[in-house]
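See structure below.
The values are calculated or read from the model by the stated rules, or taken from the named source; none is laboratory data. Keep in mind that this is a model prediction, so the values were computed, not measured. Glycine also receives a Cβ, built like all others from the backbone with ideal geometry; neighbour counts cover every protein chain displayed.
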Amino acid sequence: MLEPAEIARIATEVASEKQATDIVLLDVQSVCSFADYFLICSGDSERQLRAIWEAILDELKLHDISPLHKEGTADSGWLLADYGSVVVHVFAPDEREFYGLEKLWVSAVPVLRIQ
């Protein structure tokens, strides 16, 4: 079984490979009771959102890691995969700005930011 940091690293690398934009990995352990890491990234189209999302799910599945919960669709502009200790958010730019997760979790420790 992979450690949370390794799951977060893999998901982040896959998002980067799929040209996700504004990738942010937050260590939320000190401010959140339900997760250790949040990965937040954006895609510029429904097609790209779907590609990022599916690539992360597929890569983690290769490591026998499946989400506990999934929600959202590419056409909604927000996809979420809850891996327990790691929560992956894939946003369209407008939805990302609207929900403002980085502002909500401003006390979290930024581990990585790729713009």
Inset, instruction - For the stretch 59-70, state whether one or more residues are closer than 16 Å to GLN19 by Cβ and assigned to a strand (DSSP E or B). - result: no
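Okay, residues lined up against (1) surrounded by fewer than 18 Cβ atoms within 10 Å (Cβ to Cβ); (2) of a type outside the set (Phe, Trp, Tyr):
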{"position": "ILE7", "(1), (2)": "no, yes"}
{"position": "ALA20", "(1), (2)": "no, yes"}
{"position": "SER45", "(1), (2)": "yes, yes"}
{"position": "TRP53", "(1), (2)": "no, no"}
{"position": "HIS63", "(1), (2)": "yes, yes"}
{"position": "ALA74", "(1), (2)": "no, yes"}
Inset, instruction - Taking only the stretch 2-20 into account, find how many residues are out of contact with any helix residue (DSSP H, G or I) (no Cβ under 6 Å at 6 or more places or on another chain), more than 19 Å from PHE34 (Cα to Cα) and outside any helix (DSSP H, G or I). - result: 1
Inset, instruction - Go over the candidates LEU62, LEU57, LEU80 one by one and state the one that is over 15 Å from ALA15 (Cβ atoms), hydrophobic (A, V, I, L, M, F, W, C) and either modelled with pLDDT of 95 or more or in contact with a helix residue (DSSP H, G or I) (Cβ under 6 Å, 6 or more places away or on another chain) (or both). - result: LEU62
Legend entry - Residues within the stretch 56-68 that are under 13 Å from the mean Cα position of the chain (by Cα) and free of Cβ contacts under 8 Å to residues at least 24 places away in the same chain, tallied: 1
Legend entry - Any pair with Cβ under 6 angstrom, 6 or more apart, that starts in the stretch 82-111 at a residue that is assigned to a loop (DSSP other than H, G, I, E, B) and surrounded by 15 or more Cβ atoms within 10 Å (Cβ to Cβ) and ends at one that is at pLDDT 90 or above and among the acidic types (Asp, Glu): SER85/ASP36
Legend entry - Top-ranked residue of the stretch 9-44 - restricted to ones that are among the acidic types (Asp, Glu) and free of Cβ contacts under 8 Å to residues at least 60 places away in the same chain, ranked as farthest from GLY77 (Cα to Cα): ASP36
Inset, instruction - Looking at (1) touching an Asp or Glu at 6+ places or on another chain (Cβ under 8 Å); (2) modelled with pLDDT under 95; (3) of a type in the set (Val, Ile, Thr), find the lone condition where THR73 falls short. - result: (1)
Inset, instruction - Kindly establish whether ASP36 is touching a strand residue (DSSP E or B) at 6+ places or on another chain (Cβ under 6 Å), surrounded by 13 or more Cβ atoms within 10 Å (Cβ to Cβ), charged (D, E, K, R) and modelled with pLDDT of 95 or more. - result: no
